[in-house]
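These notes concern the structure reproduced below.
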Amino acid sequence: MLSYIGKLFYLITPIILAGIFNMIFVQLPFLNSLKKPIDCGKVFSDGERIFGDNKTWKGFCGMIIITSFWLGMQGILYDNTTWAKDISLVSFSDFNFPFNTWFYGAIWGLGYVLFELPNSFVKRRLKIDIGKSGKGTLGYIFKFVDQADSVVGCIIFMLPFYRPSFIEALLILVLGIAVHYVVNILLYIVGLKKQAG
């Protein structure tokens with residue numbers, strides 16, 4: 001069972017690395033012409049922003065491109081090392097490498113960022129500050145959703161290159177939420193996030 005959890009962890013490693021490197025990329029002082037809000041500063045009918053300043057085109061595009069890169073790297077390892085073949089749940093040899101791998105990575109990254117947007121939209125409607133989860137019971141709910149939304153998107157958008165069983169999807173969900181939470185704390189410690197967890 002532990003070895004299988006290891007394989008599931010390896011499966012989602014590209015999206016984990018992409019999330020970390022995208023946070024670094026967003027902070028770097030170049031391509032800041034893309035550091036514009038996805039909602040273009042517009043407000044909804046309630047007078048509140050649609051998504052807010054923290055959802056930018058730089059972060060959106062960065063996640064797509066960086067996920068494509070890391071899935072491509074996993075494909076290279078698969079083609080060139082025995083250990084990567086042994087641990088990989090994805091059969092990269094079935095792909096037209098590298099183009100399909102890069103494409104699937106881009107789709108995977110797209111799922112990550114798309115599934116974060118509804119959460120931001122709802123938070124703005126509830127007047128929860130950008131980067132915050134809220135207080136009380138609602139705060140705990142959003143703390144969970146903050147970790148889970150992108151993981152759900154990743155599970156759905158991995159279907160073109162890997163179809164997890166129901167049990168695998170549940171394990172990926174639990175593993176993904178746990179890793180997301182820990183990574184967010186680490187990013188907060190190093191100053192790349194404004195809120196832990």
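The values are calculated or read from the model by the stated rules, or taken from the named source; none is laboratory data. Predicted model, so just to flag it, every value in this text is computed and none were measured. Cβ placement follows ideal geometry from the backbone for every residue including glycine, while neighbour counts extend to all protein chains displayed.
Within the bounds of the stretch 133-140, is there any residue that is in contact with a Phe, Trp or Tyr (Cβ under 9 Å, 6 or more places away or on another chain) and among the hydrophobic types (A, V, I, L, M, F, W, C)? No, that holds for no residue.
Residue selection: G109 satisfies the criterion of being modelled with pLDDT of 95 or more, more than 30 Å from G47 (Cα to Cα) and part of a helix (DSSP H, G or I). Picking from residues in the stretch 123-147 that are over 19 Å from L187 (Cβ atoms) and of a type in the set (V, I, T), the one that is surrounded by the most Cβ atoms within 10 Å (Cβ to Cβ) is I128. For I128, the conditions (1) closer than 30 Å to L89 by Cα; (2) in contact with a Gly (Cβ under 6 Å, 6 or more places away or on another chain) are fulfilled apart from (1).
Name the residue, out of I76, I65, that is within 19 Å of the chain's Cα centre (by Cα) and either surrounded by fewer than 19 Cβ atoms within 10 Å (Cβ to Cβ) or β-branched (V, I, T) (or both).
Only one candidate passes the filter, namely I65.
Note on the stretch 162-191: residues that are more than 16 Å from F9 (Cα to Cα) and crowded, with 16+ Cβ neighbours inside 10 Å amount to 2.
Conditions tested, residue by residue: (1) assigned to a helix (DSSP H, G or I); (2) among the acidic types (D, E).
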residue: C40; (1), (2): no, no
residue: G47; (1), (2): no, no
residue: F60; (1), (2): yes, no
residue: G72; (1), (2): yes, no
residue: D86; (1), (2): yes, yes
residue: N96; (1), (2): no, no
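Of all the numbered requirements in (1) outside any helix (DSSP H, G or I); (2) touching a residue at least 24 places away in the same chain (Cβ under 8 Å); (3) among the basic types (K, R); (4) over 22 Å from K58 (Cα atoms), K143 misses one, and that requirement is (1). Among residues of the stretch 163-182 that are closer than 15 Å to Y4 by Cα, those with a beta-carbon under 8 Å from a residue that is in a loop (DSSP other than H, G, I, E, B) and not small (G, A, S) at least six positions away or on a different chain give the pairs P164/M158; I172/P164.
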